[in-house]
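Remarks on the structure that follows.
The values are calculated or read from the model by the stated rules, or taken from the named source; none is laboratory data. From a predicted model like this one, the values you see are computed outputs, not experimental measurements. With ideal geometry, Cβ positions are generated from the backbone for all residues, glycine too; neighbour counts draw on all protein chains shown.
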Amino acid sequence: MPVVARVDPKTVFSPEEWDYLTSRSSLRGLWLVAHAWGTILAAIALVTLWPNPLTWLIAVMIVGTRQLGLAILMHEAAHGGLHANRAVNEWVGQWLCAVPVGADLAGYRSYHLQHHKFTQQPEDPDLSLSAPFPITKESYTRKAIRDLTGQTFVKQRLPLFLSLFRRGKTDEEVSHESFVSSGAGKMARFLGVNALMFALFWLAGAGIWYWAVWVMAMATWLSLVTRIRNIAEHACTSTGEDPFSHARTTLAGPIERLLIAPYWVNYHAEHHLFMYLPCYHLPEAHRLLVEKGLIKRMEVRPGYLEVMRLATSRQLA
């Protein structure tokens with residue numbers, strides 16, 4: 001199958017517009033990483049200072065979404081967007097974004113660029129995430145329950161943990177259901193960084209909240225919002241030749257950005273059209289595409305609830 005068609009930005013944007021959209025700020029890239037970790041620490045501080053079921057639930061949801069945010073910023077690093085210095089970009093993307101949530105920057109980049117090359121085509125490594133949709137509401141409910149009860153987490157992570165004790169198995173890959181990377185070495189790095197985090201929590205007198213918030217968020221809310229993200233990006237979009245229709249943009253409101261879609265991940269159609277734009281310029285790219293009338297060729301939904309209605313529209317036989 002041939003690679004998907006590419007859009008020449010010169011046919012869409014003026015030179016001035018394109019110069020702005022492609023401009024990168026290393027300071028802003030590092031700020032986004034600091035923002036993710038700062039939000040995580042603020043949420044944990046909230047429940048530490050006012051421990052009750054409501055603050056715990058809020059903290060778990062916010063931390064789980066920022067764990068997804070770290071994966072999104074790893075994705076930004078995979079496109080070279082966190083820092084102009086390649087060594088800094090790779091180190092920050094790997095050790096401050098990828099490894100703490102069980103991912104690996106190099107492994108992710110390798111398969112993710114294949115996803116861009118063959119989006120929604122048989123060779124797309126992410127096609128299995130979108131191909132089954134639409135599904136029934138009952139099917140989605142079962143999946144969401146597995147996410148929120150930790151079953152998805154155990155299913156994905158336990159085999160990776162057990163790989164530490166297997167001899168002779170060196171195959172490594174990135175899960176198509178999540179950003180998690182397999183392989184004993186990658187799992188060892190994940191456990192090592194998390195052991196260091198637990199030690200820091202413990203020294204700060206908040207060891208219990210490492211388990212009750214950081215790990216709980218990773219085991220529950222992160223699984224759910226990762227699933228919602230995967231559905232929103234490509235489920236029920238076109239597999240035809242027009243590259244404007246291969247991905248979806250979801251117009252997220254403030255609550256959705258806080259709890260589901262951080263760091264402009266909802267502008268996925270714009271990202272696929274012009275994949276090397278820094279994430280913080282995607283809203284402006286969207287505005288310009290609306291202004292130029294090209295948005296009519298794109299799959300755009302007004303919110304995640306509308307996307308989920310579409311994705312779960314299949315009726316029971």
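Can you find even one residue in the stretch 34-45 that is closer than 25 Å to residue 198 by Cβ and aromatic (Phe, Trp, Tyr)? Yes. For the stretch 96-124: of the residues being hydrophobic (A, V, I, L, M, F, W, C) and touching a Leu at 6+ places or on another chain (Cβ under 9 Å), which is nearest to residue 154 (Cα to Cα)? Among them, the one singled out is 101. Within the stretch 1-19, if we keep just the residues that are without any contact (Cβ under 8 Å) to a residue 60 or more places away in the chain and loosely packed, with under 15 Cβ neighbours inside 10 Å, the residue that is farthest from residue 121 (Cα to Cα) turns out to be 16. Here residue 108 fulfils each of the conditions (1) hydroxyl-bearing (Ser, Thr, Tyr); (2) closer than 20 Å to residue 78 by Cα; (3) modelled with pLDDT under 85 apart from (3).
Per the listing 199, 212, 217, 188, the residue uniquely at pLDDT below 95, out of contact with any Pro (no Cβ under 8 Å at 6 or more places or on another chain) and of a type in the set (A, V, I, L, M) is 188. Please verify whether residue 42 is in contact (Cβ under 8 Å) with a residue 60 or more places away in the chain, on the phi < 0 side of the Ramachandran plot and of a type in the set (Gly, Ala, Ser), treating the condition exactly as stated. When the stated conditions are applied, residue 42 does not pass them.
Looking at residue 22, is it within 30 Å of residue 239 (Cβ to Cβ), surrounded by 12 or more Cβ atoms within 10 Å (Cβ to Cβ) and of a type in the set (Ser, Thr, Tyr)? In short, yes.
Residue-level check: of (1) at pLDDT 90 or above; (2) more than 17 Å from the chain's Cα centre (by Cα), residue 223 misses just (2).
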